[in-house]
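What follows draws every value from the coordinates through simple rules; no lab data is involved. Note that the structure is predicted; figures quoted are calculated from it, not measured. Every residue, glycine as well, gets a Cβ built from its backbone with ideal geometry; the counts of neighbours run over all protein chains shown.
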Amino acid sequence: MKWFYDSYPPFYGFRTGHKIQKLIYSKKTKYQMIKIFNTETFGRVFALDQATQLTEKDEFIYHEMLIHPSMLAHPNPKKILIIGGGDGGALRECLKYNIDKVYLVEIDKEVIIAARRFLKFVCQNSFNDSRTKIIIEDGYKFLINNGYKNFFDIVIVDCTDPDPENISLVLFNKKFYQAIFKSLKSDGILIYQSGSLFFTPKGYLNIYKKIKEIFPLAGIYWTVIPSYPGAIWGYTYGSKKIDLKNIDLAQLEKKYKRLKLKTKFYNPKIHQNSFLLPNFTKMISQKLNNKK
């Protein structure tokens with residue numbers, strides 16, 4: 001029985017592995033290698049370029065924490081942009097709200113094709129929802145070239161981790177953050193999948209620093225995802241008006257109940273506590289702020 005070992009370039013000298021029960025799908029696309037396989041511990045696993053993207057066992061943690069902190073904090077989100085997220089998990093969570101449209105911009109159509117066939121536990125029926133608009137395009141070019149201004153309520157960047165050799169690198173530069181800022185309405189929010197808080201804290205906090213230079217409000221929150229290297233995984237937010245970490249708990253709980261949200265991990269108390277940062281991240285953050 002073969003093993004699949006994650007190969008994350010920033011984590012030299014360390015790797016995690018899954019014992020493969022059965023290889024379900026493998027395809028080299030124009031952009032990346034897609035692999036989907038069944039495992040003993042985490043169920044079905046979806047990997048890109050030898051890096052685990054999600055597992056059947058714990059994907060709900062990642063996707064719920066990516067989506068609900070901003071969606072619940074925003075007073076009335078109607079137009080949402082997801083860059084990446086071709087597996088459909090982020091889209092699934094967005095569609096739990098009374099929204100008008102979700103624009104899913106995915107560079108690799110083969111990811112969506114594979115998700116429809118083999119990751120139905122993730123995407124469910126989200127790709128077929130009438131509120132979903134799928135756009136096969138480079139997320140960077142989509143925003144830079146189309147000139148969106150004051151259009152989106154929330155922008156979610158659900159991409160692979162930055163690496164000089166992968167397709168997501170352009171999604172981590174200042175010009176892209178500025179384009180997102182321009183595309184958001186006056187109370188708009190940006191959420192960024194930001195990688196391992198444990199293994200790459202400096203890279204993670206550099207994302208925060210760049211976003212903080214552009215948005216009036218910025219911050220970091222985190223969760224624990226067992227199948228990801230180091231388990232401690234984080235997100236960065238930028239906001240024009242709404243401070244996600246200072247939303248009244250009673251307000252969050254009232255809206256959560258009113259919307260009858262069904263979540264396996266996220267709840268309003270977890271929302272508030274996810275913004276409490278470990279000391280080691282606070283120290284690095286202070287160093288970055290002192291370099292201004």
statement: Dipole check, the stretch 3-55, charges on Cβ (K,R +1; D,E -1), about Cα centroid: among Gly43, Gly13, Ser26 the Cα furthest to the positive pole belongs to Ser26
message: Can you give the local net charge around Tyr103? Use residues other than it whose beta-carbon is closer than 11 angstrom to its beta-carbon, Lys and Arg +1, Asp and Glu -1.
response: +1
task: Could you quote the convex hull projected area for the chain, Cα atoms only and averaged over all directions, in nm²?
output: 14.5
- prompt: For the pair Ser26 and Leu277, how long in nm is the line joining their label points, each one 7 Å along Cα→Cβ?
  reply: 4.1
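Per DSSP H run of n ≥ 4, the term is -39500 (n - 2.57); total these for the chain, divide by its residue number, and report the mean residue ellipticity at 222 nm rounded to 500 deg cm²/dmol. List each step's numbers first, then the result.
Values: 10 runs with 95 residues, N = 292.
Computed mean residue ellipticity for the chain: -9500 deg cm²/dmol.
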statement: Candidate cut points under trypsin sites (Lys or Arg not before Pro) in the stretch 7-58, DSSP loop plus at most 13 other Cβ atoms within 10 Å of their own Cβ, are Arg15, Lys30
- request: Kindly state, to the nearest 0.05, the FRET efficiency for Ser130 paired with Asn150, given R0 = 25 Å and r defined as their beta-carbon distance.
  value: 0.55
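From the Cα gyration tensor of the stretch 3-55, with a ≥ b ≥ c the square roots of its eigenvalues, which class applies: rounded if a/c is under 1.5, or else prolate if a/b is larger than b/c, or else oblate? Could the numbers behind the result be given before it?
Numbers: a/c = 2.22, a/b = 1.07, b/c = 2.08.
Because a/c hits 1.5 or more and a/b fails to exceed b/c, the stretch 3-55 counts as oblate.
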field: Compactness of the stretch 1-159 - radius of gyration and Dmax, Cα, Å
entry: 16.3, 53
query: Given the pairs Lys182/Lys212; Lys22/Lys109; Lys182/Lys241; Lys35/Lys264; Lys109/Lys240; Lys212/Lys255, which span a C-alpha to C-alpha distance of over 21 angstrom in this model?
result: Lys22/Lys109; Lys35/Lys264; Lys109/Lys240; Lys212/Lys255
- line: Quick shape check on the stretch 83-150: root eigenvalues a ≥ b ≥ c of the Cα gyration tensor, a/c under 1.5 is rounded, otherwise prolate if a/b tops b/c, else oblate, and it reads oblate
